[in-house]
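Novice: Just passing along the structure, written as structure tokens.
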Amino acid sequence: MSDRSHEKISVLMDGEMEPNAIRFLIKRMISDPALGQTWNRYHLIRGCLQKKPNEPLMIDVADQVLARLGVREYTEPEKSSRAHAWLKPVAGVGIAASVALTAVFLMQQSPVTRHANTGEQFLVQQKIPSQSVPLQTPPVQFVDLPRAQLATSVSEWRSSGYPDLRTPQFRGFLYQQPQQRAPGTLQQHAPYVYTITPENRVSSSH
Amino acid sequence: MKKENKQMSEKAIDQELVKQAQAGDTKAFEMLVTRYQQKVANIISRYVRDRDEVLDVAQEVFIKVYKALPRFRGDSAFYTWIYRIAINTSKNHLVARSRRIQNSDVEPEEAERYASALEMQNFDTPEAEFARQEIEAAVTKAVDELPEDLRSAIVMREVDGLSYEEIAKAMDCPIGTVRSRIFRARDAIDRALKPLLAEKPSRVTYVG
């Protein structure tokens, strides 16, 4: 787009263009958005210079009119069709549901954890139980440890939706907490679930 | 260009835009609105004092124009046609407003509150009003900063409404020079205006 095109627009809006050239330039402005914008801005300048003090400066009237007629949404950053406006809430609910479902799914899956004492990494495989017994205890397999062996968790695993607390930090807290309690307190009701680890399983077998 | 030729040129622009708009081209309708929106505001302001109401009535005018455009045959000039619609819409607005207040069986203070509530149905956000003022200030400043020859040319054209031929006589220069000066003036003002238009806040419209 050249200055020459802008100059032609300037001449056109002043009514100084030869009639045979008018049609061609108008068609160009209709098809070229940048030229159309120039037409708008030049008229805005005209509006500023010609308006009386008590008059408001007219901006975007065409957009507002077309929006009120339902021909087009008013110029928002995200333009969308009015015909599909009903999709917005439905899409919002759908996105929220899928995010919630993903979060629940991820919380139920804790494939990698860290050994509480050694810090060595091992894998916990949770086989999804059959649908007839949805809340059965999943078998746990420890691998990559020097004394790797098959173990089964005795805790009843439930899909509660709460975050997985079987982290090294939380386990450490549970192990240390009863020892720090004063005598006479409810040590026997410490709110944790006993978990079999390779160490205590070996020691309990002796 | 002679005055009668200038009128023919103006008429040819309207005819072409109307023809395209009647064929369903929304962009052509937008260009028509842009071309006449300030003139329509000027007509409405003679009847309606409140600036927000002027904006509302102007919208009503162009909605009527859009709906009636397929029936416009071009027997009169487009501006004459739109001028009549603007006057009738302004008068109807005043009648409807006074009827709304008369029909409401309320105390004067209540009526005042009711009237202002009606006015609140469609109004500019403070940001939009601020943007308007900013645009006007930017244009005024840009005009003031123009070189003397450009400023004289654009003022004679836009404020005094002179033709290129008349300006050429007044400035004692060829018409081609006038054309160039007016364009350069517009281009300079446009460059000052562009950054402001990039982040122009929208007008809030409440449908109720």
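The values are calculated or read from the model by the stated rules, or taken from the named source; none is laboratory data. Bear in mind the structure is a predicted one, so any value in this text is a computation, not a measurement. Because the Cβ atoms are built from the backbone with ideal geometry, glycine has one as well, and the counts that use them run over all protein chains shown. Areas reflect the complete protein model, heavy atoms only, side chains present, ligands, DNA and RNA absent. Shrake-Rupley method; radii C 1.70, N 1.55, O 1.52, S 1.80 Å.
Novice: B:Thr140 to A:Val104: FRET efficiency via 1/(1 + (r/R0)^6), r the Cβ-Cβ distance, R0 56 Å, to the nearest 0.05?
Specialist: Numbers: r = 61 Å, r/R0 = 1.09.
Computed FRET efficiency for B:Thr140 and A:Val104: 0.35.
Novice: Then there is this: Would you mind classifying the range A:3-80 by shape? Square roots of the alpha carbon gyration tensor eigenvalues, ordered a ≥ b ≥ c; an a/c under 1.5 is rounded, otherwise it is prolate if a/b is larger than b/c and oblate if not. Please report the intermediate quantities before stating the final value.
Specialist: Working: a/c = 2.28, a/b = 1.29, b/c = 1.76.
Judged from the Cα gyration tensor, the range A:3-80 comes out oblate (a/c at least 1.5, b/c at or above a/b).
Novice: Quick check for me: using +1 on Lys/Arg Cβ and -1 on Asp/Glu Cβ, what's the dipole size of the range B:126-205 about its Cα centre, in debye to the nearest 20? Walk me through the numbers on the way to the answer.
Specialist: Details: 13 positive and 16 negative charges, 54 e Å.
For the range B:126-205, the charge dipole is close to 260 debye.
Novice: Here's a follow-up. Gap in Å between the Cα centre of the range B:20-54 and the Cα centre of the range B:160-193?
Specialist: 25
Novice: Separate question: With a 1.4 Å probe, how much accessible area is buried between chains A and B, both sides summed, in Å² to the nearest hundred? Intermediate results must be reported in sequence, preceding the final value.
Specialist: Values: alone 15940 and 14030 Å², together 24240 Å².
Accessible area lost upon association: around 5700 Å².
Novice: Here's something else I'd like to know. Given an 8 Å cut-off on Cα distances and at least 6 residues of separation, report the relative contact order of the range B:126-205 as a percent. All intermediate terms of the calculation are to be shown ahead of the outcome.
Specialist: Numbers: 55 pairs, mean separation 35.0, N = 80.
Computed over the range B:126-205, the figure is 44 percent.
Novice: Moving on. Working only with C-alpha atoms, what are the Rg and Dmax values of the range B:126-205, expressed in angstrom?
Specialist: 15.1, 50
Novice: If the limit is 31 Å between Cα atoms, which of A:Lys27/A:Lys51; B:Lys169/B:Lys194; B:Lys91/B:Lys169; A:Lys27/B:Lys169 go over it? Before the final figure, lay out each step's value.
Specialist: Details: A:Lys27/A:Lys51 29 Å; B:Lys169/B:Lys194 33 Å; B:Lys91/B:Lys169 42 Å; A:Lys27/B:Lys169 33 Å.
In this structure, B:Lys169/B:Lys194; B:Lys91/B:Lys169; A:Lys27/B:Lys169 lie more than 31 Å apart at Cα.
Novice: Say R0 is 41 Å: what FRET efficiency, to the nearest 0.05, do B:Arg71 and A:Ser31 get from their beta-carbon distance? Write down the numbers at each step before the final one.
Specialist: Details: r = 27 Å, r/R0 = 0.66.
About 0.95, to the nearest 0.05.
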